[in-house]
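Written below as structure tokens is the structure these notes are about.
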Amino acid sequence: MQAAKALTLEDLTSFCIRRGFFLPTGRIYGGIRGFYDYGPLGAEMRKEILDDWWYYFVRRRSDVVGIHGAIITHPKTWEASGHVESFFDYLVTCRKCGKDYRADQLLEDLGFRLQTPTLDAISRVIRENDVRCPECGGELSEPQPFNLMFVTYVGPKRGAASEAYLRPETAQLIFTNFKDIYYTMGMKLPFGIAQVGEVFRNEISPRGFLFRLRQFTQMEIEYFVNPKKANECPFFDEVAGMTVQLLTAEQQERGEGEPLRITLAEAWECGYIGSQWHAYWIGESLRWLVRIGLSPHRLRVREHVKGELAHYAVQTFDVEYYFHFMGWKEIEGISNRGDYDLSRHQQFSGKTMAVEDGGELVIPHVIEPSFGLERIILALLTEAYRLEAGRPLLALNPRVAPVKVAVFPIVAKPDFVRKAREIYAMVKEHFTAIYEEKGTIGRRYYDADEMGVPFAVTIDGRTLEDDTVTVRFRDTKEQVRVPVSELVSTLRDLMARWDEVSRRRAAAPASEQSL
RNA sequence: GCGGCCGUAGUCUAGUCUGGUAGGACGCCGGCCUGCCACGCCGGAGAUCCCGGGUUCGAAUCCCGGCGGCCGCACCA
């Protein structure tokens, strides 16, 4: 007997690569850290999640519109946003032993206090105090800026004048377009602008499969409210009664790790969450995360402590998911950005960002739910992955499953094959579907289970007699027989009632499984 | 970026210490068999042994450098 071993991130990584969810980019050349390509199943899953997000947060609502911004935009954007300033670190290299140090950190370790770690300040402190390499005593190089934004050049000439950045967040495209959207769409406060897209961060050390990437996808909403009406959210009733696990900054500063179990109404009334709109967006976010298949008990809301707050943030809560192999990790950040961004763009562009509300001009305050798509996919796969009799099965919610239906002739005889292909063609018009005729029927069911296909349709001898097929459920293995004429509507109905259909699933959560 | 461990067909892996041009399993392809839950039979293809350099008559194996991965530290808008 081999010792039982819990599912690890490595197991999940190799499962994803083997089944074609993700591939390390440029793999035939050895790959490149922090970048992954989506394979066929991953690409389908990504699209399902994106579509559902867009439906839930944009199309379903009348107060949110969507945009799709450019990846390279005017460089001034990133000066105004504070990214140029706070995305730079400085490296100094020992001229003798070649070791690199982060300049501000080295100086701090040696007891020097810098108000602002600018190039000049660092350089001066090093020179005036004859700071040397702590390892070998060698002379240090001039500080080199290390930019966490990817730099590129616009046009044929390389140089300072043509320098531009790949966007490190989608939010700024919303802020720079704010006034135009406000006018062209005739928006009135409060309202939101949503955007989905790729962002790029030149991380020093990408880690954890999909967890820290250099290119990833954000799904963001910037929701603009009149600061005087920060506590007048007309939708608050929809989430007020939701109980959440909340870990406040205060608790963390006291060293407490056990979150409060508290309703959003209480969390707001007690002042843990600073504004009603902020509490509303926390609730609405959690509802969507549960809707696509994450368990409420594995989701908690953790407030950023002081040192953790971003340069723009008034108050931030992370929605964290419990990954049993690495603990609680952020999958979404929900920040109150105040008027930081709009004020900065007003200042840098010289154009007013104030809009009219209730007879006065205001610069709106912003609540920003920002979802990391790849982290959410990682959470969904972690939650869905389980072993049944030694074989992997993905119990994905049909909303996000890359393939919804598998169609099989029970054996590959011409009559069955002909009928099965006919049914496959019909099903494919309505759902993402696959067809397979090779191998035993059990084998094909298990392969489909591994891809997370919720329903398998089988054509057998009876189909040719009375035009019915069996529909098999991935999670319970139970089957129902339905007329071909009602197949599509039955499948649609089963997906709509999924929570009920899957309630009987017997398998334990992945964290309690062993390999 | 630092330290430790690691890199062999699509996947998992034997072989590495004690150098003699790679073996298995799963998967894949072709054929047969199969009538509701993987692991029936026969045949076959598939390996720059991560990359580059060095030592050697000879390197998957030893040495150096690089790339990539995992863990820890640091970093994390």
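Only the coordinates and a few stated rules stand behind these numbers; no lab work does. Quick caveat, the model's predicted, so the values are computed rather than measured. Here the Cβ positions follow ideal geometry from the backbone for every residue, glycine too, while neighbour counts run over all protein chains shown.
Taking every Cα-Cα distance in segment A:282-406 and sorting them into 5 Å bins starting at zero, the pair-distance distribution P(r) comes out as 2, 9, 15, 16, 14, 12, 10, 8, 6, 4, 2, 1, 1, 0 percent. Sparse packing (at most 12 other Cβ atoms within 10 Å of the Cβ) combined with a DSSP loop state is found for the following trypsin sites (Lys or Arg not before Pro) in segment A:266-364: A:K351. In vacuo Debye scattering of segment A:209-269, one point per C-alpha: log10 I(q)/I(0) at q = 0.13, 0.17, 0.24, 0.26 Å⁻¹? Taking Cα atoms of segment A:209-269 as identical point scatterers yields -0.63, -0.92, -0.98, -1.01. Length gained on full extension, A:R391 to A:Q479: 29.6 nm, using 0.36 nm per residue less the C-alpha separation.
Between the alpha-carbon centres of segment A:437-462 and segment A:285-360 there is a gap of 43 Å.
With a Förster radius of 25 Å applied to the C-beta separation of A:Y446 and A:S489, the computed FRET efficiency comes to 0.35.
Packing-based ranking of A:198-208, A:72-82 yields A:72-82, A:198-208, ordered from highest to lowest mean Cβ neighbour count within 10 Å. Each DSSP beta bridge with both residues in chain A is either parallel or antiparallel, and the antiparallel ones are about 85%. Between A:A80, A:M426, A:M187, the Cα set farthest toward the positive side of the dipole of chain A (charges on each charged residue's Cβ, about the Cα centre) is that of A:M426.
Averaged over residues, the count of other Cβ atoms within 10 Å places the peptides A:40-51, A:180-191 in the sequence A:40-51, A:180-191, highest first.
In segment A:128-254, the alpha-carbon atoms span a convex hull of 316 Å³ per residue.
Our helix-only sum for chain A, with -39,500 (n - 2.57) per DSSP H run of n ≥ 4 divided by its residues, gives a mean residue ellipticity at 222 nm of -9000 deg cm²/dmol. Quick note on segment A:16-86: its Rg to Rh ratio, both from C-alpha atoms and Rh being the Kirkwood radius, is 1.13. In whole Å, what is the distance between the alpha-carbon centres of segment A:255-282 and segment A:162-202? After rounding, the separation between the Cα centres reads 28 Å. Each Lys or Arg adds one and each Asp or Glu subtracts one; over the other residues with Cβ under 15 Å from the Cβ of A:P24, this totals +4. Relative to the globular-protein estimate of 2.2 N^0.38 Å, the Cα radius of gyration of segment A:383-489 stands at 1.02. Our compactness index for segment A:230-351, the C-alpha radius of gyration over the empirical 2.2 N^0.38 Å, is 1.12. Rounded to the nearest 20 debye, the dipole size of segment A:217-330 about its Cα centre is 180 debye, using +1 on the Cβ of Lys and Arg and -1 on the Cβ of Asp and Glu.
Set the Cα radius of gyration of segment A:151-217 against 2.2 N^0.38 Å, with N its number of residues, and you get 1.50. Considering only A:Q252, A:P206, A:A43, the residue lying farthest towards the positive end of the dipole of chain A is A:A43, judged by Cα position with unit charges set on Cβ.
Over the C-alpha atoms of segment A:359-421, the Rg to Rh ratio, Rh being the Kirkwood estimate, stands at 1.37.
In terms of its Cα atoms, chain A spans 91, 65, 55 Å along the principal axes, sorted from long to short.
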